[in-house]
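The values are calculated or read from the model by the stated rules, or taken from the named source; none is laboratory data. None of these values were measured; they are calculated from a predicted model. Positions of Cβ are backbone-derived with ideal geometry, glycine not excepted, and every protein chain shown enters the neighbour counts. SASA here: full protein model, heavy atoms, side chains in, ligands and nucleic acids out. Shrake-Rupley method; radii C 1.70, N 1.55, O 1.52, S 1.80 Å.
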Amino acid sequence: MGRIPSIRPNLTRREVLAAFLGLPVALTACNQRHAPPLPPGEIVGASDVIGHRVRDGLRITPTQDQWQRTGVVIVGGGIAGLSAARHLLDAGFNDFVLLELEREAGGTARSGSSSLVAYPWGAHYLPAPMKENIKLISLLDEMGIIEGRDDDGEPVVAEQFLCRDPEERVFFRGRWYEGLYLHAGASPEDLAQFEAFNTEVSRLVAWRDGRGRRAFAIPLATGSDDAEITDLDKLTMSEWLERRGWRSQRLRWLIDYGCRDDYGLTIDQTSAWAGLFYFCSRVTRPGTEAQPLMTWPEGNGRLVSYLYEKVKSKVRLGLAAAEIIPTDPNGRAGVDVTAMDQDGEHVAGFHADRVIFAAPHFLSNYVIRPYRDNRPAHVGEFQYGAWMVANLFLNERPKDRGFPLAWDNVLYESPALGYVVATHQRGLDRGPTVFTYYYPLCDVDPREARSKLLSAGRDEWADIALTDLSRAHPEIRSLTDRLDVMRWGHAMIRPRPGFVWSDARRAAAKPFRGIHFAHTDLSGVPLFEEAFYHGIRTAGEILAETSGVSR
Ligand SMILES: Cc1cc2nc3c(=O)[nH]c(=O)nc-3n(C[C@H](O)[C@H](O)[C@H](O)COP(=O)(O)OP(=O)(O)OC[C@H]3O[C@@H](n4cnc5c(N)ncnc54)[C@H](O)[C@@H]3O)c2cc1C
């Protein structure tokens with residue numbers, strides 16, 4: 001996909017559509033005479049005001065009576081923070097508080113709901129774990145999602161939580177096709193390269209290092225750090241394919257789609273290690289299918305709700321950590337945390353023994369006082385992609401040509417990823433529904449991507465989403481009663497070449513003066529499983545320190 005220029009203020013409709021969807025689509029859209037008006041809707045979520053105040057160096061001084069003592073402060077109520085909180089409570093450790101900037105928990109796995117159905121605002125699926133991921137299996141067991149083990153000891157997910165058929169389809173030149181690989185019209189050479197790629201994936205799935213570790217495992221800390229595998233991080237996914245002479249457009253598209261879908265990066269920007277991690281880490285044995293996906297109408301919002309219910313007595317929503325101040329060089333005397341609510345009306349201070357920093361890592365430079373004063377170089381290496389997510393509330397399903405509506409519906413010729421259907425998992429195949437449309441901004445410069453994301457308001461984004469989808473669904477505008485937009489400025493960590501196996505990532509995971517770091521960022525890839533792992537890891541570190549026992 002080509003680089004899209006930043007958009008300037010006061011652009012015409014055609015210029016906006018051309019910037020985000022390309023000139024041919026913009027010209028076609030602008031030549032249509034009777035396009036129905038845009039449906040109503042709003043920009044939702046992400047409280048920029050308090051977030052920006054924190055980034056501007058917010059320094060507050062709570063009065064003496066606004067301070068309280070606590071063992072641990074967890075900063076951030078996304079999957080990492082909630083998982084840390086659950087682990088502490090399960091170990092009988094109650095002396096903590098979790099601060100979440102937003103008025104609801106879940107971070108990038110948040111969801112919304114309408115009178116019809118719940119729907120995701122970000123993360124929307126989780127592959128079934130392999131038997132080695134014991135801690136994740138225990139969460140899913142607790143939630144009643146696992147109904148047993150097969151003969152190999154692999155967990156068996158209860159059918160209602162597995163993505164219903166049909167799972168995915170792709171739209172290409174006027175009709176829908178089953179699956180994501182475009183078999184229709186593929187040449188013998190295309191098919192040979194597709195098979196060769198799958199054979200290479202199988203080889204990497206079977207690969208073990210001297211310690212018996214897989215090349216790519218989830219969580220990635222359990223996979224191999226052997227140079228034969230980690231050297232893949234020095235290349236882009238495109239270069240890796242080029243070295244094999246694999247230039248099939250269909251194969252490149254499939255891999256590019258995978259990179260954009262999981263990382264918000266194109267095939268030319270993604271580390272080959274990360275690209276292969278996507279294809280290999282979810283396959284149990286060579287030659288078998290990838291692990292089945294678990295999903296819910298609200299996506300990973302289901303997992304958020306469960307975790308939040310367990311720990312909510314400890315959570316303070318709408319309270320942002322403003323500053324984290326270690327009180328002695330070794331962190332032994334503790335860590336002070338100041339906090340402020342979204343309206344700036346309420347401030348609080350916590351004298352804590354330890355802090356779990358479960359907010360995106362780039363924020364550590366703005367919140368941790370010694371980092372503010374003297375920014376460590378490793379934090380600057382954490383780069384984030386920007387994403388737009390739109391929820392379209394439809395009064396009826398669009399008509400289809402070709403393969404029928406699936407859970408995941410992808411447009412081959414679009415810079416966006418297409419949409420998932422919230423009612424799919426409920427078995428409602430007719431009538432009103434909600435489509436969740438995903439658009440990652442893959443510009444080379446992440447700051448440029450962010451400013452482009454924010455320069456388009458609700459109406460521009462609504463027009464972009466509806467125009468894009470009208471390639472496959474010409475009547476989409478008249479079917480959409482409402483369209484809300486979420487703009488994720490720092491949506492997810494970008495696993496560009498050299499980052500996943502960098503010293504910067506290793507340095508970031510080390511505790512600093514009583515502060516332990518937990519966030520999916522610390523794995524270099526944005527996944528539920530990684531956030532969950534780091535939450536439990538940091539809680540375990542603190543429990544081991546406080547009791548002298550490793551848990
Ligand atoms: C559009 C999109 C789609 C995705 N799809 C998937 C998917 O399908 N499957 C998947 O596995 N992953 C997906 N992801 C990745 C997802 O980010 C991870 O799965 C996971 O939810 C990350 O959790 P986290 O706790 O590490 O971070 P976050 O979700 O970033 O949570 C961090 C929390 O810290 C809070 N915070 C920030 N600053 C402060 C402060 N100063 N004080 C207090 N709190 C603060 C934030 O408000 C937030 O709630 C997706 C991400 C996005 C953006």
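Numbers below:
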{"item": "Single unsatisfied condition, Gly431 versus (1) surrounded by 17 or more Cβ atoms within 10 Å (Cβ to Cβ); (2) modelled with pLDDT of 95 or more", "result": "(1)"}
{"item": "Spans of strands (runs of 3 or more DSSP E) in segment 411-506 with at least 2 residues within 16 Å of the ligand (Cβ to nearest atom), hydroxyl-bearing (Ser, Thr, Tyr) and out of contact with any helix residue (DSSP H, G or I) (no Cβ under 6 Å at 6 or more places or on another chain)", "result": "433-441"}
{"item": "Odd one out for Ser313 among (1) over 23 Å from Asn133 (Cα atoms); (2) of a type in the set (S, T, N, Q); (3) not in a helix (DSSP H, G or I)", "result": "(3)"}
{"item": "Of the criteria (1) open to solvent by 10 Å² or more (accessible area, probe 1.4 Å); (2) part of a loop (DSSP other than H, G, I, E, B); (3) within 21 Å of Met492 (Cα to Cα), which one Asp400 fails", "result": "(3)"}
{"item": "Check on Phe393, outside any loop (DSSP other than H, G, I, E, B) and in contact (Cβ under 8 Å) with a residue 12 or more places away in the chain", "result": "yes"}
{"item": "Of all residues in segment 507-551 being outside any loop (DSSP other than H, G, I, E, B) and β-branched (Val, Ile, Thr), the one that is farthest from the ligand (Cβ to nearest atom)", "result": "Thr546"}
{"item": "Single residue of segment 120-148 satisfying the filter (charged (D, E, K, R) and in a loop (DSSP other than H, G, I, E, B)) that is nearest to Trp407 (Cα to Cα)", "result": "Lys131"}
{"item": "Residue satisfying condition, being modelled with pLDDT under 95 and more than 12 Å from the ligand (Cβ to nearest atom), within set Gly334, Gly349", "result": "Gly334"}
{"item": "Whichever residue in segment 93-106 is more than 21 Å from Gly540 (Cβ to Cβ) and not basic (Lys, Arg) and, among such residues, is farthest from the ligand (Cβ to nearest atom)", "result": "Glu104"}
{"item": "Unmet criterion (only one of (1) within 14 Å of the ligand (Cβ to nearest atom); (2) open to solvent by less than 10 Å² (accessible area, probe 1.4 Å)) for Ser271", "result": "(1)"}
{"item": "Residue check for Arg260: open to solvent by 10 Å² or more (accessible area, probe 1.4 Å) and basic (Lys, Arg)", "result": "no"}
{"item": "Residue check for Leu204: modelled with pLDDT of 95 or more, within 24 Å of Leu522 (Cβ to Cβ) and not hydroxyl-bearing (Ser, Thr, Tyr)", "result": "yes"}
{"item": "Selected residue (criterion: nearest to the ligand (Cβ to nearest atom)) from residues of segment 41-92 that are in contact (Cβ under 8 Å) with a residue 24 or more places away in the chain and at positive phi", "result": "Gly76"}
{"item": "Pair list, Cβ under 6 Å, 6 or more apart: segment 101-119 residue over 19 Å from Tyr438 (Cβ atoms), other residue near the ligand (Cβ under 7 Å from one of its atoms)", "result": "Leu101/Ala320; Ala105/Gly77"}
{"item": "Residue ID - farthest from Val72 (Cα to Cα), chosen from residues in segment 293-349 that are β-branched (Val, Ile, Thr) and more than 24 Å from the chain's Cα centre (by Cα)", "result": "Val347"}
{"item": "Near pairs, Cβ below 7 angstrom, 6+ apart or cross-chain, from segment 284-300 (closer than 15 Å to Arg214 by Cβ and open to solvent by 30 Å² or more (accessible area, probe 1.4 Å)) to any residue that is away from the ligand (no atom under 14 Å from the Cβ) and in a strand (DSSP E or B)", "result": "Ala290/Val283"}
{"item": "Test: Val16 is open to solvent by less than 30 Å² (accessible area, probe 1.4 Å), among the β-branched types (Val, Ile, Thr) and either in contact (Cβ under 8 Å) with a residue 40 or more places away in the chain or within 16 Å of the ligand (Cβ to nearest atom) (or both)", "result": "yes"}
{"item": "Qualifying residue in segment 354-371 (condition: assigned to a helix (DSSP H, G or I), open to solvent by 20 Å² or more (accessible area, probe 1.4 Å), away from the ligand (no atom under 16 Å from the Cβ) and free of Cβ contacts under 8 Å to residues at least 12 places away in the same chain)", "result": "no"}
{"item": "Qualifying positions in segment 308-327 - surrounded by 21 or more Cβ atoms within 10 Å (Cβ to Cβ) and within 10 Å of the ligand (Cβ to nearest atom)", "result": "Leu319, Ala320, Ala321, Ala322, Glu323, Ile324"}
{"item": "Number of the condition not met by His473 [criteria: (1) within 28 Å of Asn395 (Cα to Cα); (2) open to solvent by 10 Å² or more (accessible area, probe 1.4 Å); (3) over 19 Å from the mean Cα position of the chain (by Cα)]", "result": "(2)"}
{"item": "Hey, Arg33 away from the ligand (no atom under 15 Å from the Cβ), out of contact with any Lys or Arg (no Cβ under 9 Å at 6 or more places or on another chain) and either open to solvent by 70 Å² or more (accessible area, probe 1.4 Å) or in a loop (DSSP other than H, G, I, E, B) (or both) or not", "result": "yes"}
{"item": "Any hit, segment 153-173, residues being under 30 Å from Gly51 (Cα atoms) and assigned to a loop (DSSP other than H, G, I, E, B)", "result": "no"}
{"item": "Helices (runs of 4 or more DSSP H) contained in segment 187-257 and holding at least 1 residues crowded, with 19+ Cβ neighbours inside 10 Å and polar (S, T, N, Q)", "result": "188-206, 237-243"}
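Residue by residue, here is whether (1) under 18 Å from the mean Cα position of the chain (by Cα); (2) farther than 22 Å from Phe517 by Cα; (3) open to solvent by 20 Å² or more (accessible area, probe 1.4 Å) holds:
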{"site": "Gly71", "(1), (2), (3)": "no, no, no"}
{"site": "Ile79", "(1), (2), (3)": "yes, no, no"}
{"site": "Asp95", "(1), (2), (3)": "no, no, yes"}
{"site": "Ala109", "(1), (2), (3)": "yes, no, no"}
{"site": "Pro120", "(1), (2), (3)": "yes, yes, no"}
{"site": "Ala123", "(1), (2), (3)": "yes, no, yes"}
{"site": "Pro127", "(1), (2), (3)": "yes, yes, no"}
{"site": "Met130", "(1), (2), (3)": "no, yes, yes"}
